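Trainee: Pasting a structure below so you can have a look.
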Amino acid sequence: MREWAEPVVGSLVGAAAGLVAYALVGTDLRKVGAAVRGADPRGRWLWALSGVLTISAQTCLIAASQYVPVAIAVVISAAVPIVVLPVSVVFLRRTEAVGPATGVGALLVLAGVAGLVLD
């Protein structure tokens, strides 16, 4: 990578491909417009913000490979759920149900990170 355009274009192409794949497989395209129009306006803004933040994070991860080894950037990226879990419990404790399945998922993420680090 030599310029910022490469990570940005890569992230946008990846996001577009993911959106197309989801639209083709995961939803009824005839109902999408009505569902978006009928959604809470605040929820639509938060949904759009989460998309922008996700694509920005992906762009930064791709750009990070210019400065650190890809293996290190991937390990840091893979460990994000371990940070998100406690934060969601603290801030969303009334609405976020954390049960045994979530704990097992966290252990699987930790095992994956350990596998990446020890490999």
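Trainee: Can you find, within region 63-95, the residue that is modelled with the highest pLDDT among those that are outside any helix (DSSP H, G or I) and among the hydroxyl-bearing types (Ser, Thr, Tyr)?
Mentor: If we take residues in region 63-95 being outside any helix (DSSP H, G or I) and among the hydroxyl-bearing types (Ser, Thr, Tyr), then Tyr67 is modelled with the highest pLDDT.
Trainee: Next up: Given Val84, Val68, Val98, Val75, which one is free of Cβ contacts under 8 Å to residues at least 40 places away in the same chain and within 16 Å of the chain's Cα centre (by Cα)? So that I can check it myself, show each step before the final result.
Mentor: Details: Val68 fails: within 16 Å of the chain's Cα centre (by Cα); Val98 fails: within 16 Å of the chain's Cα centre (by Cα); Val75 fails: free of Cβ contacts under 8 Å to residues at least 40 places away in the same chain.
Going through Val84, Val68, Val98, Val75 in turn, the sole match is Val84.
Trainee: State all residues of region 40-57 that are polar (S, T, N, Q) and more than 16 Å from Gly10 (Cβ to Cβ); if no residue qualifies, say none.
Mentor: Selection gives Ser50 alone.
Trainee: Kindly indicate whether any position in region 9-27 is of a type in the set (S, T, N, Q) and surrounded by 13 or more Cβ atoms within 10 Å (Cβ to Cβ).
Mentor: Checking region 9-27: at least one residue is of a type in the set (S, T, N, Q) and surrounded by 13 or more Cβ atoms within 10 Å (Cβ to Cβ).
Trainee: Condition check: of a type in the set (A, V, I, L, M) and in a loop (DSSP other than H, G, I, E, B). Does Val98 satisfy that?
Mentor: Yes; evaluated as a whole, the condition is true for this residue.
The values are calculated or read from the model by the stated rules, or taken from the named source; none is laboratory data. Predicted model, so just to flag it, every value in this text is computed and none were measured. Neighbour counts run over all protein chains shown; Cβ positions are idealised from the backbone, glycine included.
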